[in-house]
Structures are given as C-alpha cells and as structure tokens.
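Colleague: The structure's right below; bear with me while I get my questions together.
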Amino acid sequence: MGPRGRPDLLDRDPGDLLAEPGEEVGGEHRHDPVDYHSLQGMLPSSIPGMTRDTPKGEANAALGIKTTAAEVNFTGKGDARVNVSIKDASAVSGLAGLVDMVNSQQSEQGGSYEKNEILSGQKVHEKWDASTRHGVLSLIVAKRFGVDVTGDNVDMDVLKHALSQVDLGKLESMKDDN
C-alpha cells in the first residue's frame with residue numbers, strides 16, 4: 001500500500017496502468033470523438049487576402065485515449081501564415097478545468113501581451129508578440145473541443161476573423177455526440 005492507504009503503483013497489474021489514463025481522464029461523460037470529417041467542415045473557408053491549403057484531418061488512439069483533429073493552413077503576402085485547428089479529445093474532457101487554470105496568466109510588455117478575453121461568447125486565451133508578429137487564440141468549447149488559431153506575420157484582427165469563421169455554437173451543440 002502506498003501513502004494514505006491507497007494501492008501503490010508498484011502493487012498494480014501493468015495492464016491496469018495502461019488502461020487507466022483513458023478511464024481516469026475521461027470523467028463521467030466519456031464519449032468517442034466525432035469524426036474528423038465533421039471537424040474539417042467547420043474550418044474557415046477563406047481569410048481575405050490569403051490562400052487556403054487543403055484541410056487535413058486525423059483520428060488517433062493511444063493508451064485508451066481517442067482523439068480526432070482537423071486543421072487548415074492559409075498563406076499570404078509577406079510570409080503571412082495562419083493555422084486553424086479543431087481537436088476533439090473527449091476522453092480528456094476532465095482536464096478542461098486544468099487548461100482553464102493554466103490559461104489564466106495575463107501580462108503586457110511593450111506591445112506584446114497575454115490575456116483572456118470573451119470572443120463570440122467564449123472565453124479565449126490570447127497571446128500576441130509584437131516584435132515577431134506572432135499570435136495565438138486558444139479556447140476549449142463545451143469542455144471537449146480545443147480550437148487554436150495561430151498566425152505569423154499577420155495582425156491579431158486577422159486571427160480573430162479566422163476564429164469568427166468557426167461555428168462555435170455548432171461545436172457546443174456537439175458536446176454529447178458519440
């Protein structure tokens with residue numbers, strides 16, 4: 001027995017250890033992730049002044065945790081790049097609260113900043129580095145879907161526009177799918 005009367009990791013069957021991550025982090029509302037094709041359909045179709053690449057999608061399973069993801073890249077003049085990704089890691093929904101705590105940092109220095117903001121009715125973590133013109137918008141929708149918009153050599157308004165093209169309401173409505 002380990003501390004506090006709980007079984008020690010060394011006392012457990014090795015097969016149990018591998019099964020546990022998916023069981024432990026899935027919480028009580030465990031679902032299989034939605035098909036990545038559905039996520040691809042929610043990616044932005046255009047960003048003004050930029051060219052859209054072919055969207056990518058994938059499904060993965062490791063240690064009992066299933067995930068799906070879809071992403072699309074946009075490129076523009078002056079080496080401008082924007083990436084929009086949507087991930088369904090429903091098996092790790094129990095970690096969404098932890099992500100909220102981690103993303104609570106706020107700071108500002110010389111035009112660069114990190115803060116939380118409400119955009120499209122959702123709490124969004126926003127980072128901007130003015131010297132490199134690199135920005136990130138990150139959010140968790142329905143304690144299940146991770147949405148990230150990352151950009152280089154673009155203004156933050158471009159990233160916010162890209163995020164506005166993702167139907168966050170539809171993502172929210174998919175929280176109990178599968």
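The values are calculated or read from the model by the stated rules, or taken from the named source; none is laboratory data. Source: prediction; values computed, not measured. Heads up, the Cβs are rebuilt from the backbone with ideal geometry, glycines too, and the neighbour counts pull from every protein chain shown. Ligands, DNA and RNA are stripped out before the accessible areas are found, and what is left, the full protein with its side chains, is counted by its heavy atoms. Shrake-Rupley method; radii C 1.70, N 1.55, O 1.52, S 1.80 Å.
Colleague: Only one of Ser45, Ser38 is in a loop (DSSP other than H, G, I, E, B) and touching a residue at least 24 places away in the same chain (Cβ under 8 Å). Can you tell me which?
Modeller: Sole residue among the options that is in a loop (DSSP other than H, G, I, E, B) and touching a residue at least 24 places away in the same chain (Cβ under 8 Å): Ser45.
Colleague: Mind checking which residues of the range 109-127 are aromatic (Phe, Trp, Tyr) and in contact (Cβ under 8 Å) with a residue 40 or more places away in the chain?
Modeller: Residues satisfying the conditions do not exist here.
Colleague: For Asp35, state whether it is among the acidic types (Asp, Glu) and more than 19 Å from His134 (Cβ to Cβ).
Modeller: The answer is yes for Asp35.
Colleague: Follow-up. Specify which of the listed residues (Ala130, Ala142) is open to solvent by 10 Å² or more (accessible area, probe 1.4 Å), in contact (Cβ under 8 Å) with a residue 24 or more places away in the chain and either among the hydroxyl-bearing types (Ser, Thr, Tyr) or more than 19 Å from Asn73 (Cα to Cα) (or both).
Modeller: Being open to solvent by 10 Å² or more (accessible area, probe 1.4 Å), in contact (Cβ under 8 Å) with a residue 24 or more places away in the chain and either among the hydroxyl-bearing types (Ser, Thr, Tyr) or more than 19 Å from Asn73 (Cα to Cα) (or both) holds for just one of Ala130, Ala142, which is Ala142.
Colleague: Does the range 145-178 hold any residues that are of a type in the set (S, T, N, Q) and either buried (at least 21 other Cβ atoms within 10 Å of the Cβ) or in contact with a helix residue (DSSP H, G or I) (Cβ under 9 Å, 6 or more places away or on another chain) (or both), and which are they?
Modeller: Correct list: Thr150, Asn153, Asn178.
Colleague: Take the residues of the range 31-57 that are at pLDDT below 95 and acidic (Asp, Glu): which is surrounded by the most Cβ atoms within 10 Å (Cβ to Cβ)?
Modeller: For the range 31-57, the residue satisfying everything is Asp35.
Colleague: Look at the range 97-118 and say how many of its residues are surrounded by 14 or more Cβ atoms within 10 Å (Cβ to Cβ), modelled with pLDDT of 85 or more and among the hydrophobic types (A, V, I, L, M, F, W, C).
Modeller: 0
Colleague: Here's something else I'd like to know. With the requirement that a residue be more than 18 Å from Lys143 (Cα to Cα), aliphatic (A, V, I, L, M), in contact with a helix residue (DSSP H, G or I) (Cβ under 7 Å, 6 or more places away or on another chain) and in a strand (DSSP E or B), what does the range 55-76 give you?
Modeller: The answer is Ala59, and nothing else.
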